[in-house]
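In what follows, a single structure is set out as structure tokens and then discussed.
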There are 4 protein chains.
Amino acid sequence: MNGADQRIPVGVLGATGSVGQRMVRLLDGHPWFRVAFLGASSRSAGRPYREAVHWVQDGPIPGEVAEMEVRDVEPGLDAPLVLSALDSSVAGEVERRFADAGALVVSNAKNHRMDPDVPLLIPEVNGDHLALLDSQSGGGIVTNPNCSTIGLALSLKPLHDAFGVHSVHVVTLQAVSGGGIPGVASMEILDNVVPYIGGEEEKLELETGKILGTLSSGTVAPARIQISAQCNRVPVIDGHLECVSVGFSRDASPEEAARVLSEFQGATRGLNLPSAPRRPIHVLTGEADPQPRLHRDLDRGMAVSVGRIRPCPLLSLRYVLLSHNTIRGAAGGALLGAELVVARGRLAGYDPPGT
Amino acid sequence: MNGADQRIPVGVLGATGSVGQRMVRLLDGHPWFRVAFLGASSRSAGRPYREAVHWVQDGPIPGEVAEMEVRDVEPGLDAPLVLSALDSSVAGEVERRFADAGALVVSNAKNHRMDPDVPLLIPEVNGDHLALLDSQSGGGIVTNPNCSTIGLALSLKPLHDAFGVHSVHVVTLQAVSGGGIPGVASMEILDNVVPYIGGEEEKLELETGKILGTLSSGTVAPARIQISAQCNRVPVIDGHLECVSVGFSRDASPEEAARVLSEFQGATRGLNLPSAPRRPIHVLTGEADPQPRLHRDLDRGMAVSVGRIRPCPLLSLRYVLLSHNTIRGAAGGALLGAELVVARGRLAGYDPPGT
Amino acid sequence: MNGADQRIPVGVLGATGSVGQRMVRLLDGHPWFRVAFLGASSRSAGRPYREAVHWVQDGPIPGEVAEMEVRDVEPGLDAPLVLSALDSSVAGEVERRFADAGALVVSNAKNHRMDPDVPLLIPEVNGDHLALLDSQSGGGIVTNPNCSTIGLALSLKPLHDAFGVHSVHVVTLQAVSGGGIPGVASMEILDNVVPYIGGEEEKLELETGKILGTLSSGTVAPARIQISAQCNRVPVIDGHLECVSVGFSRDASPEEAARVLSEFQGATRGLNLPSAPRRPIHVLTGEADPQPRLHRDLDRGMAVSVGRIRPCPLLSLRYVLLSHNTIRGAAGGALLGAELVVARGRLAGYDPPGT
Amino acid sequence: MNGADQRIPVGVLGATGSVGQRMVRLLDGHPWFRVAFLGASSRSAGRPYREAVHWVQDGPIPGEVAEMEVRDVEPGLDAPLVLSALDSSVAGEVERRFADAGALVVSNAKNHRMDPDVPLLIPEVNGDHLALLDSQSGGGIVTNPNCSTIGLALSLKPLHDAFGVHSVHVVTLQAVSGGGIPGVASMEILDNVVPYIGGEEEKLELETGKILGTLSSGTVAPARIQISAQCNRVPVIDGHLECVSVGFSRDASPEEAARVLSEFQGATRGLNLPSAPRRPIHVLTGEADPQPRLHRDLDRGMAVSVGRIRPCPLLSLRYVLLSHNTIRGAAGGALLGAELVVARGRLAGYDPPGT
């Protein structure tokens, strides 16, 4: 925080929500970034963060930001890089304003995800889509996919490259933290499952195609994959589990699939991004793995776990995947995206500190 | 219990387990049946039921049986009709002994389900399969399908009749009561999902074909339906939820499917079986229905709820179904089967009381 | 609903909340009362009840009210008797307006509970406190105690009469339904306990004295009992459990205490109130009873269960009690209070139907 | 593991259970100790640990022990120091055999806790009780108190020293991991509380006196404190919460109590034990703190959290405490005890490595 702090100033929009809190935690002690401001709704503005926030994370509020005054999400907040965890009711316009004012915004909100000139980024999967930023004016907007899309698309990428994916059937069992704060009421979910999450199935079916799509002449042509998604909310704190069946163009055994999943490194290979997992995908061999409580924190919550790879009577193979929805699927994913933006030299005037 | 009690004496095997307890509750005040004996392992034998059982049902132990002495599951226990909730480690042999001794056994255990001469009965779906009893010697054995199969097969029957089902993709979210007592440890399931239930996927894939199969020349030819099943245990007490995608040979709109499901009566129509639901399938229209806690007790837990009927990008239609796994899916289903056996005149020497 | 319906018209204020929903369910098929109007905030007003409500009860919305238009809680709503489940932010004023307009209001809200001229009523315990209505103008207001107070005070009444209670130490484990809708967020309570409920400890410590107090010369002198209360929220849907230690002026064995608790009938004896439990207090003898899931529905949720009565090393005796917080502790308790009001002839112009 | 490994060889008895698994995790990378053998019942013996154990911890089995062969808990297993997580059905005899054979056994089992010559050790509280080892023959036995006793006694120690505790009323809300594996069935605890844990109340009432007792002439005279304990099992994975009321001989304000609790260091001060928390007791000031999910992992699960310190209408003060039951309350507590044993020079022939 003193003159010697070479880290890049980062603003957090929507800092009091569930994902915003995770961002604040992950930025604590980050080697490249430091928190420059915390933005939230006018209801919170003007109060110290520790008062404005209803903190629900394990462990305490980081000391560096506990007393930081929360600011209204209005122009004039100054940081070259902004992480947004805003609610979609306001994110579209606010993020646009920050980008117009010159900031590079990495957003977890859904509003700009399907804009043709906005990268829908999973760093390991489609880091090349950052080229779309060339078409944007201002600082630019990069988006992070939906929390349940990220795990699915990450697992599909190496399979698609190796075997050609044409069909996907996915049923999700999603944790309550994905619903934010207050989110799902306890009366709705104790001793219960809610087999519907508004808009979620459409996001899974639509976003995956863009993420796995091909960049050509400055636009992304979506991958041609038929996807059927069914989404459920279950009484789990963190960790989205997904039961996936996938149809390939080329034959593949479970062993072959396990190998390409395990070996996958993707577009972040060699970049040493601070938030990157050692391995994007962990293939587990326990007969009942992965499980949310046991495996969501693998590789600091940034890895996807895959287990139970086996033949499918209808498509080619089936498997179960798990990803930590508020780390890899939201705050950590956006942070990794911001790191890639910097590593690729797309944050004008800033290099990765220490390089 | 006195001389005036015209009800048919029924024995319960495995009376201290989770399903056995449900049977005992459902038999309390039953108009056709009365409890003649309670059988359990030799560890429980000789003790009054209220002492031998670790009761986990809502509401108290029925007064009529609380003091009844639990008996070893050995020959000599006398009742023409026997409901079995025995563990599969002993059920195969014990049930056979009772049948050989002349009892008609309606079993919830898996052991004899796939025997060629044993009906795998869902009364509304394949009541005609009771004709297989003609091939059996002794009293006979009738089996109740797996708890997750029953809801699926019930919902498939009217769809199959109307539109021709050729493919089914099903992912289950199953309640812990399906695991019996002690069953799933609390440490395994709190804040967690277990994406594996030993043998369950195979049962779903195999049993459904036999249930929907065609009786001809004294044998059942299984229906030709490709089924892909993935089974999960979730922290819910009662009620199995299933996310189903189904492929039809003939086109069908969601509205047409909803109509045939709602109107389904099946092979119990007009029989006035005491445990039959008013309607086997309830089609719900709420956007997030059905849900275990809200709908598992519909029609006293004997109905299957279906909701969210909508097109599937891969197969024809998708829907969510719910059935109460220890009532419709186990104890109540077996009891309804026993009622059908009596109503069809297949319990030698006994007619439905009052007729 | 037709001319032949002799039942007393009853309005429900706050009909869309958790307690209001319970009131609506309990009024369905009630022999004395019929729903005359459903009142809620202006946000809900004008819509059919089934649309305005986020229904979270087991079982469907009663057919009689599903299409009833929700009304704003403004004067002009016409019913001689009003049940209020309003939020305390508005209840004080709204209930007063209805009383001024001539209605007799039985309220579950906290606002008027400690008013000197308002009965804080548990029918079995202090039915005589209805005499306070003589001091009120207009239709009158009667209040239902806090959900955790009701079970405690019910259990203390017979003990106080028999042995003289001077000290009470109580720690509660309260269900989430007590927090209303949306109430406690699922992220706050899954795999967690919250050892604080705002204002709850004060209510327990204060209300109990008034309820057990003595009516004399038109006022209630509170009972002199020292109470220490600690309140916790636990991940349970329904049913408040309380660990109680109680100090007596006279010696009493656990057996004597069990007897006076079991035999307690109180001020509703012989009145045949439709919602009265067969027995207000059930003494259970299982070593781990009572438990919320097993015993909350005893006597249709209107009875209090008491177990584990044993000596206390610090005070006289200890016990565990359970009461259904949204039935006996809220909607059902208020309804029973309304029935007592009618039975005692305090609803001008109306007798109990059928008498 | 090679010749250069100067760490003290440690055996783990009962290594496959819940507490044994925690011990194995905590020993992974321990600076003083290395795992020399893993002992379990004969059913597990001879199999590699990863096969013999039903692992339920977050994170994977430590690589160093995953393939280690589990041994029967018979004489001949060679290590100077043994941690025991054996079930009490066998612990008494097995631990005695190991001690007779010369090992120093630090046990989490209840069997020897109240033996007059066995220290019931909480290192910060009564490290001087290790002098009881002088009366023992063989290697010696040291015991770790019950999981719910540890948090209570730790919090009482500084209060007792400062203000003189004469009375304690405690109600516990205990996590399911305290019941071991399989322990509490999921059907017993989902949507439920079980207000009884066999033997637990007696342990709390009895052990606390010995722990806070005074060593004199080679024996411990128990502290004279009247304790009333009520114990509940709640649906929480880890973390025992306790609602405590305490009566002092001298007046003390909440602020004074908070100060002595915060400043407490106890008998481990200056020893730099590897598993010691930075501070044994954290006083939290949030109105709803401590909470199991938020605070159980403070100081790596080795600290006790205390909050809501306030006056008690019956005794002197009230507070809420939380401790991690399988870390501080079991495996970590035993490990800290073993470290104290070594630091105090009571493991013949071994000094703390690196000193």
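The values are calculated or read from the model by the stated rules, or taken from the named source; none is laboratory data. Since the structure is predicted, the reported quantities are computational estimates derived from the model, not experimental observations. Reconstructed Cβ throughout: ideal geometry from the backbone, glycine too, with neighbour counts over all protein chains shown. Accessible surface areas use protein heavy atoms only, side chains included; no ligands, DNA or RNA. Shrake-Rupley method; radii C 1.70, N 1.55, O 1.52, S 1.80 Å.
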query: So is A:ALA85 open to solvent by less than 40 Å² (accessible area, probe 1.4 Å) and touching a Ser or Thr at 6+ places or on another chain (Cβ under 7 Å) or not?
result: no
- prompt: So which residues in region A:153-175 are under 20 Å from B:LEU322 (Cβ atoms) and of a type in the set (A, V, I, L, M), if there are any at all?
  reply: A:VAL171, A:LEU173
message: Restricting to region B:116-158, count the residues that are within 12 Å of the chain's Cα centre (by Cα) and small (Gly, Ala, Ser).
response: 3
task: Pull up region A:221-231, narrow it to residues that are over 19 Å from the mean Cα position of the chain (by Cα) and in contact (Cβ under 8 Å) with a residue 24 or more places away in the chain, then point me to the one that is surrounded by the fewest Cβ atoms within 10 Å (Cβ to Cβ).
output: A:ARG224
- prompt: Is there a residue in region C:110-124 that is open to solvent by 20 Å² or more (accessible area, probe 1.4 Å), away from chain D (no Cβ under 14 Å), outside any strand (DSSP E or B) and closer than 30 Å to B:ASP191 by Cα?
  reply: no
- prompt: Can you tell me which residues in region C:323-345 are of a type in the set (D, E, K, R) and open to solvent by 10 Å² or more (accessible area, probe 1.4 Å)?
  reply: C:ARG344
message: Of the conditions (1) outside any strand (DSSP E or B); (2) surrounded by 24 or more Cβ atoms within 10 Å (Cβ to Cβ), C:VAL106 satisfies every one except a single condition; which number is it?
response: (1)
Filtered residues of region C:314-334 (kept if within 17 Å of C:HIS282 (Cβ to Cβ) and more than 9 Å from every other protein chain (Cβ to nearest Cβ)): C:TYR319, C:LEU321, C:SER323, C:HIS324, C:ASN325, C:ILE327, C:ARG328, C:GLY329, C:GLY332, C:GLY333
task: Being out of contact with any Lys or Arg (no Cβ under 8 Å at 6 or more places or on another chain), away from every other protein chain (no Cβ under 14 Å), open to solvent by 20 Å² or more (accessible area, probe 1.4 Å) and under 28 Å from B:LEU173 (Cα atoms) narrows it down to one of A:GLU255, A:GLU263, so name that one.
output: A:GLU255
message: Is it the case, given these coordinates, that D:GLN136 is without any contact (Cβ under 8 Å) to a residue 40 or more places away in the chain and either surrounded by fewer than 21 Cβ atoms within 10 Å (Cβ to Cβ) or under 22 Å from D:PRO292 (Cβ atoms) (or both)?
response: yes
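Every residue, every condition in (1) closer than 30 Å to C:ALA79 by Cβ; (2) β-branched (Val, Ile, Thr); (3) out of contact with any Ser or Thr (no Cβ under 7 Å at 6 or more places or on another chain), yes or no:
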{"residue": "C:MET114", "(1), (2), (3)": "yes, no, yes"}
{"residue": "C:ASP117", "(1), (2), (3)": "yes, no, no"}
{"residue": "C:PRO123", "(1), (2), (3)": "yes, no, no"}
{"residue": "C:GLY138", "(1), (2), (3)": "yes, no, yes"}
{"residue": "C:ASN144", "(1), (2), (3)": "yes, no, no"}
{"residue": "C:ALA153", "(1), (2), (3)": "yes, no, no"}
{"residue": "C:ASP161", "(1), (2), (3)": "no, no, yes"}
message: When the residues of region A:189-220 are narrowed to those that are among the acidic types (Asp, Glu) and open to solvent by 50 Å² or more (accessible area, probe 1.4 Å), which ends up nearest to the other protein chains (Cβ to nearest Cβ)?
response: A:GLU205
- prompt: For region A:159-188, what are the residues that are open to solvent by less than 10 Å² (accessible area, probe 1.4 Å), part of a helix (DSSP H, G or I) and either small (Gly, Ala, Ser) or more than 14 Å from chain B (Cβ to nearest Cβ) (or both)?
  reply: A:LEU159, A:SER177, A:SER186
statement: The condition of being modelled with pLDDT of 95 or more and either more than 21 Å from C:LEU298 (Cβ to Cβ) or part of a helix (DSSP H, G or I) (or both) holds, among C:ALA267, C:ALA257, only for C:ALA257
- request: Would you mention how many residues in region D:297-322 are modelled with pLDDT of 95 or more, at negative phi and either outside any loop (DSSP other than H, G, I, E, B) or open to solvent by less than 30 Å² (accessible area, probe 1.4 Å) (or both)?
  value: 16
- line: Taking first residues from region C:281-308 that are within 12 Å of chain D (Cβ to nearest Cβ) and touching a residue at least 60 places away in the same chain (Cβ under 8 Å) and second residues anywhere that are open to solvent by 30 Å² or more (accessible area, probe 1.4 Å) and part of a strand (DSSP E or B), the pairs with Cβ under 9 Å that are 6 or more apart or on different chains are C:VAL306/C:VAL283
query: What number of residues in region D:38-69 are open to solvent by 50 Å² or more (accessible area, probe 1.4 Å), within 14 Å of chain B (Cβ to nearest Cβ) and touching a residue at least 40 places away in the same chain (Cβ under 8 Å)?
result: 1
- prompt: Taking the stated definitions as given, is A:ARG250 modelled with pLDDT of 95 or more, in contact with a strand residue (DSSP E or B) (Cβ under 8 Å, 6 or more places away or on another chain) and of a type in the set (D, E, K, R)?
  reply: no
Within region B:239-248, tally of residues that are more than 7 Å from chain A (Cβ to nearest Cβ) and either on the phi > 0 side of the Ramachandran plot or crowded, with 24+ Cβ neighbours inside 10 Å (or both): 5
query: When you look at A:PRO352, is it more than 15 Å from the chain's Cα centre (by Cα), part of a loop (DSSP other than H, G, I, E, B) and buried (at least 22 other Cβ atoms within 10 Å of the Cβ), yes or no?
result: no
query: Looking at (1) part of a loop (DSSP other than H, G, I, E, B); (2) away from chain A (no Cβ under 14 Å); (3) without any contact (Cβ under 8 Å) to a residue 60 or more places away in the chain; (4) surrounded by 21 or more Cβ atoms within 10 Å (Cβ to Cβ), which is the one condition that is false for B:ALA276?
result: (3)
